[in-house]
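Notes follow once the structure below has been shown.
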Amino acid sequence: MRLTSAEPGVRTRRRLIAASLVSSIGDGIYVPLTMLFIRSLTGLSLTSIGAGLTVAGLCALAFMPVAGILIDRFSGRRVVIGALALRATGFAAYPFADSYPAFLAIALVVAVGMWASSPSQQALIGEIAAGAERDRLLAWDRSLRNGGMGFGSLAAAGMLALNGNAGFIGAAVVLAAVFAIAAVLVARIPTIRGAMRQEGTEDGFRQVLGDRPYLLITAANFLIAFGYTTQAIALPVFLTRDIGIPDALAGAVFGVNTVLVAALGVPVARLTMRGRRTRGAALGAAVFALSFAAFAALPQLVSGAEAVVAVLAVAVLYTAGELVHSAPAQGLSVQAAPDHLRGRYLSIYQLSWSVCRTLAPLLLGFLLEAGQWQLWTVLAVMVLTGAALLLYAERGLPAHAVSTREVATTSPQEVMT
């Protein structure tokens, strides 16, 4: 999608993309620093912080259905603004968390804002655009978010170089400002007519839970999502412990992935849009499985300097799986959701990500302890099962959700000033 001044709604999309980029920089700053950040600002032990973050995350998961209702009632735009405002408020309050209850309250506010951001952002994109134009905007959003997170991670590294707590206090101020700016950018997006509450939403969740094909693609995403979480949780341990590469080079794998996804996200999305979304997402899962088989074989095949080259090659294959899977899978989740219940549908779909990220540390840690090949075998079985569910669900999904042949531009909904 090429953004030009002659294109209808270009200001709306530019503000959306700018807000996505800014908020992703905040994510890039916070995620690598989470434990250190909170310990420095609150003085709590790592055990207490870990337990608190887990409790806050689980409580935030319970809020997801409420987020879906709010999206359908007030529009994705308003919920995005609210989610960003919650995160800005939480980070601004962290330096004043002088007790454990205060920390838990702030962590809950931040977690609710974080979990609500994704479905509301996708719902907002669904309000702004339709058809293939929606797919392209989702691809731009995803690609720039990866770039923003990479930049934020570099900024986090710079903040760690400051002495004492100054860097962490500075991070809290920057994070509060970043999410506040993102909220202002979204607030400048005009209200879309048709994004307000529609009739027939009273039994919305009953309809979602009765939509078997949508639940199948949600279950498929839950299984495939473990492939994504592996990179941050299990892969560094595997590379340093089982292959013996240095810690610094293990971090380079994350860097390669981030750069490739940011640079190739949009071009690869264009290619995947030529086929059926279910089959494109299933193909990406199959490439994931192939990369897992390659990782499992590395300890027996390579060592020393050649191991680094081999690891980077397999990392590229892994990234290819992510690129091929992500665009059609995300597009499928948005396109298959009825307009008047999009918030509820996407909040249920988001649970597949959220529950996976909550369970992943426990499951992946257990598999790492089990041995070198068990991790990759189980992951390959999971993602291939997810691929099979996608293909099975295809015949029950709406034709416009499965096929990308119908090229559409921005939705003709009138923008209200």
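Among the residues of the stretch 107-118, is any out of contact with any Ser or Thr (no Cβ under 6 Å at 6 or more places or on another chain) and closer than 17 Å to ALA18 by Cα?
Yes, the stretch 107-118 has at least one match.
Looking across the stretch 104-126, the residues that are closer than 16 Å to TYR345 by Cβ and among the small types (Gly, Ala, Ser) come down to ALA116, SER118, SER120, ALA123, GLY126.
If only one of ARG77, ARG142, ARG87 is crowded, with 23+ Cβ neighbours inside 10 Å, closer than 30 Å to LEU362 by Cα and among the basic types (Lys, Arg), which one is it?
None of the other options fit; the residue is ARG87.
If you take just the helices (runs of 4 or more DSSP H) that sit entirely in the stretch 223-329, which of them hold at least 3 residues that are closer than 25 Å to ALA370 by Cα, in contact (Cβ under 8 Å) with a residue 60 or more places away in the chain and small (Gly, Ala, Ser)? Show your work before the answer.
Numbers: elements: 235-238, 247-272, 277-301.
Counting at least 3 such residues, we get 277-301.
Would you mind finding the one in PHE151, PHE179 that is surrounded by 22 or more Cβ atoms within 10 Å (Cβ to Cβ) and more than 30 Å from ALA401 (Cα to Cα)?
Values: PHE151 fails: surrounded by 22 or more Cβ atoms within 10 Å (Cβ to Cβ).
From the options PHE151, PHE179, the qualifying one is PHE179.
Sort out which residues of the stretch 90-112 are within 23 Å of the chain's Cα centre (by Cα) and surrounded by 23 or more Cβ atoms within 10 Å (Cβ to Cβ), and write them in order of number. Answer for the stretch 90-112, where residues must be within 23 Å of the chain's Cα centre (by Cα) and surrounded by 23 or more Cβ atoms within 10 Å (Cβ to Cβ): GLY90, PHE91, ILE106, ALA107, VAL110, ALA111, VAL112. Apart from one condition, VAL402 fits all of (1) more than 30 Å from VAL55 (Cα to Cα); (2) at pLDDT below 90; (3) β-branched (Val, Ile, Thr); the exception is (2). Only a single criterion out of (1) under 20 Å from GLN374 (Cα atoms); (2) modelled with pLDDT of 95 or more is not satisfied by LEU359, namely (2). In the stretch 102-120, the count of residues that are of a type in the set (Ser, Thr, Tyr), more than 30 Å from GLY331 (Cβ to Cβ) and part of a helix (DSSP H, G or I) is zero.
For every residue, the table says whether it meets (1) polar (S, T, N, Q); (2) farther than 18 Å from ALA102 by Cα; (3) in contact (Cβ under 8 Å) with a residue 40 or more places away in the chain.
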| position | (1), (2), (3) |
| --- | --- |
| MET35 | no, no, no |
| THR47 | yes, no, no |
| CYS59 | no, no, yes |
| PRO65 | no, yes, yes |
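Of all the listed residues (VAL208, VAL174, VAL253), the sole one being buried (at least 16 other Cβ atoms within 10 Å of the Cβ), in contact with a Leu (Cβ under 8 Å, 6 or more places away or on another chain), modelled with pLDDT of 90 or more and under 30 Å from ILE17 (Cβ atoms) is VAL208. Kindly evaluate ILE224 against the criterion of being over 18 Å from LEU384 (Cβ atoms) and crowded, with 18+ Cβ neighbours inside 10 Å. Judged against the criteria, ILE224 is not a match.
Exactly one residue out of GLN413, GLN372 is over 30 Å from ARG13 (Cα atoms), at pLDDT below 95 and touching a helix residue (DSSP H, G or I) at 6+ places or on another chain (Cβ under 9 Å), and it is GLN372.
Among the residues of the stretch 343-367, those identified as within 27 Å of GLY210 (Cβ to Cβ), more than 14 Å from the chain's Cα centre (by Cα) and touching a residue at least 24 places away in the same chain (Cβ under 8 Å) are GLY343, ARG344, TYR345, ILE348.
I'd like to know if the stretch 14-29 contains one or more residues that are polar (S, T, N, Q), under 23 Å from the mean Cα position of the chain (by Cα) and over 23 Å from ARG145 (Cα atoms).
Step one: filter the stretch 14-29 for residues polar (S, T, N, Q), giving 20, 23-24.
Of the ones still in play, those that are also under 23 Å from the mean Cα position of the chain (by Cα) are 20, 23-24.
Now drop any that are not over 23 Å from ARG145 (Cα atoms), which leaves none.
There is no residue in the stretch 14-29 that is polar (S, T, N, Q), under 23 Å from the mean Cα position of the chain (by Cα) and over 23 Å from ARG145 (Cα atoms).
The values are calculated or read from the model by the stated rules, or taken from the named source; none is laboratory data. Worth saying up front: this structure is predicted, and the values here are computed from it rather than measured. Every residue, glycine among them, receives a Cβ derived from its backbone with ideal geometry; neighbour counts consider all protein chains shown.
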